1. State all residues of region A:80-95 that are within 11 Å of chain B (Cβ to nearest Cβ), under 28 Å from B:Ala41 (Cα atoms) and in contact (Cβ under 8 Å) with a residue 24 or more places away in the chain; if no residue qualifies, say none.
2. Touching a residue at least 40 places away in the same chain (Cβ under 8 Å) and not in a helix (DSSP H, G or I) - does that describe any residue in region A:50-63?
3. As an exercise: evaluate B:Val63 against (1) assigned to a loop (DSSP other than H, G, I, E, B); (2) under 30 Å from B:Arg219 (Cβ atoms); (3) modelled with pLDDT of 95 or more and give the number of the one condition it does not meet.
4. For region B:66-98, give me each residue that is of a type in the set (Ser, Thr, Tyr), touching a strand residue (DSSP E or B) at 6+ places or on another chain (Cβ under 9 Å) and either free of Cβ contacts under 8 Å to residues at least 12 places away in the same chain or in a helix (DSSP H, G or I) (or both).
5. When both residues are 6+ apart or on different chains and their Cβ atoms are under 6 Å apart, which pairs have a first residue that lies in region B:168-195 and is touching a residue at least 60 places away in the same chain (Cβ under 8 Å), and a second that is assigned to a loop (DSSP other than H, G, I, E, B) and surrounded by 21 or more Cβ atoms within 10 Å (Cβ to Cβ)?
6. If I filter region A:67-79 for residues that are within 27 Å of B:Arg193 (Cα to Cα) and either within 14 Å of chain B (Cβ to nearest Cβ) or at pLDDT 95 or above (or both), do I get at least one hit?
7. Tally the residues that are out of contact with any helix residue (DSSP H, G or I) (no Cβ under 8 Å at 6 or more places or on another chain) and of a type in the set (Gly, Ala, Ser), restricting the search to region A:59-76.
8. Pairs under 7 Å by beta carbon, first residue more than 13 Å from B:Lys94 (Cβ to Cβ) in region B:154-165, partner polar (S, T, N, Q) and part of a helix (DSSP H, G or I), six or more apart or different chains?
Amino acid sequence: MSSIMRPLIAVVAVTAAVAAASPLHAASEADFSVAYAAAEAANKQAGALRNQWTTTAATLASAKKAAAEGNFDAAVAASKDAEALAKASIYQANEQKDAWREMEIK
Amino acid sequence: MGGRRRGDIGVRSAIRFALGIVALAALLGSASAAETPNPAADAAAFKKFFTDKFPKVKLEDFVNGPYSMDEGLHRQWQEKEQFPPYEFAVETGKEMFSKPFKNGKSYADCFPNQGIGVRQDYPYFDTKGGKVITLELALNQCREANGEPPFSYVKDEMAALTAYMAFTSRGKPFDIKIPDDPRALEAYESGKRYFYTRRGQLNFSCATCHVQSPGERIRAEVLAPALGILNAMPIYRSEWSGMGTTSRRFTTCNSQIRAVPLDPQDDEYRDLEYYLSYVSNGLPIAGPGARP
């Protein structure tokens, strides 16, 4: 093997390995199911705290729509966005348990 | 000598310990006093806040919401009152109110004073059921008790009925009572907590708009002060192209800040109405009203 070929093969091998491990690979229906379930669970928790956001519901709906269209990359991305929104609403509800008094007229 | 010194140190430590306990007790005492609900003090502070913020607005004028905020808006309100857009709702409500149910009874049988001139007493705390009863809820309870299906809480029939009942109560000061019942005080506190709690993706509380920013514009809308905000309910809103109840106002406020609204007449909304009405005690009923 020539001295030029050896590093080239190494670069190709590394690139292939990185590509395999990278999140850039196409998402599957199973990936979507996992991501969507996590988002739904977080939103349910926000519901128990009586503090769901309309944007979480809308993002969950768009995730479902993308999955129905077979676009699992978009579906997973939207599910993750929905989960982040739901977690933010949970944080807000917990933080406001005491912080509401800061605004009170006294 | 050494024994005496040891004794002094012992006494000093005991005194320090006792002083520490006294200080701690005083601290805990003041903390719990600060958190003890005091609705009367809340209502006084609430009124003072708004009258200080808007010294030119008469106390009773706060019930006109955004129209009380400056002279130009006040003129708009006066012009609107010449041909009030809620007039049809009052007429419809009057007709509905006097029409008997299938069993021959009517709304008048469900309310004190036949339902005339009683708006200022709602919501009240029902000590039997342990919950706040709003006028909207009382109307639907009346219907169901007489074998009639309940109305939607947000508009149409419910808005017409409450418009008529408010109209017969105009000028009467809000007279919301908190009975000597810990559950009533808890309902009041729960309403207060809801009012000041930030929610929704916009991270707004009711107070963000109606305490911190009354008189300011949010897009084209002039925000109403929280003081007297329920006295003019139900309202005709140009934005809705129709009438809306207190339930409609609460749920749409939540949607606007990107919070999923609760169901109309859920406990939180009933408690919120209880709190907001109580702190406006003494201000006249001005409903039905008209808003931009």
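1. If the condition is that a residue be within 11 Å of chain B (Cβ to nearest Cβ), under 28 Å from B:Ala41 (Cα atoms) and in contact (Cβ under 8 Å) with a residue 24 or more places away in the chain, then A:Ala93 is the only one that fits.
2. First pass over region A:50-63, keeping only residues touching a residue at least 40 places away in the same chain (Cβ under 8 Å): A:50-51.
Within this subset, residues satisfying the condition of being not in a helix (DSSP H, G or I) are A:50-51.
Yes - at least one qualifying residue is present in region A:50-63.
3. (1)
4. So the first thing to find is which residues in region B:66-98 are of a type in the set (Ser, Thr, Tyr), and the list is B:67-68, B:86, B:92, B:98.
Keeping just the survivors that are touching a strand residue (DSSP E or B) at 6+ places or on another chain (Cβ under 9 Å) gives B:67, B:86.
Correct list: B:Tyr67 only.
5. From residues that are touching a residue at least 60 places away in the same chain (Cβ under 8 Å), the pairs are B:Ser169/B:Ile285; B:Arg170/B:Ile285; B:Lys172/B:Ile285; B:Phe174/B:Ser280; B:Phe174/B:Leu283.
6. We begin by selecting, within region A:67-79, every residue within 27 Å of B:Arg193 (Cα to Cα); these are none.
Checked against the condition, which is being within 27 Å of B:Arg193 (Cα to Cα) and either within 14 Å of chain B (Cβ to nearest Cβ) or at pLDDT 95 or above (or both), region A:67-79 yields no hits at all.
7. 3
8. As it stands, the answer is B:Val154/B:Ser247; B:Val154/B:Thr251, since those pairs meet every condition given.
The values are calculated or read from the model by the stated rules, or taken from the named source; none is laboratory data. Please read all numbers here as calculations on a predicted model, not as lab measurements. Here the Cβ is made from the backbone with ideal geometry for all residues, glycine too, and neighbour counts use every protein chain on show.
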